[in-house]
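These notes concern the structure reproduced below.
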């Protein structure tokens, strides 16, 4: 259903984060228009999500770029995000 049309990051380590941030950067640059999701299983990414919002509040990340990331605690939330996804305007 979504296998070739999205990116989904599961809990992981440095390699997962490297690839997640790279694919977000590619979206910022317009290299792809696919939805990107972060599955926050059992709150695994809670601190990182707080830090991402801190980056926006400090002016280092634009909110429109943070909005490229669909964040969900369950696959149902992720799939709903995919179903409702519209690529944010990056201009």
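Descriptive notes on the structure:
- Full-extension gain in nm, residue 58 to residue 22, via 0.36 nm per residue minus C-alpha separation: 10.9 nm
- Highest average first, the peptides 17-26, 59-68, 34-43 ordered by how many other beta carbon atoms sit within 10 Å of their residues are 34-43, 17-26, 59-68.
- Relative intensity of the chain on a log10 scale, I(q)/I(0) at q = 0.10, 0.12, 0.15 Å⁻¹, equals -0.23, -0.34, -0.55, per a Debye sum over C-alpha point scatterers of equal strength in the absence of solvent.
- Residue 33 paired with residue 66, simple spin-label distance in nm, labels 7 Å along Cα-to-beta-carbon: 2.6
- Centroid-to-centroid separation of segment 58-90 and segment 12-34 [C-alpha atoms, Å]: 13
Values quoted throughout were computed directly from the atomic coordinates according to the rules given, and no laboratory measurement underlies them. Source: prediction; values computed, not measured. Heads up, the Cβs are rebuilt from the backbone with ideal geometry, glycines too, and the neighbour counts pull from every protein chain shown.
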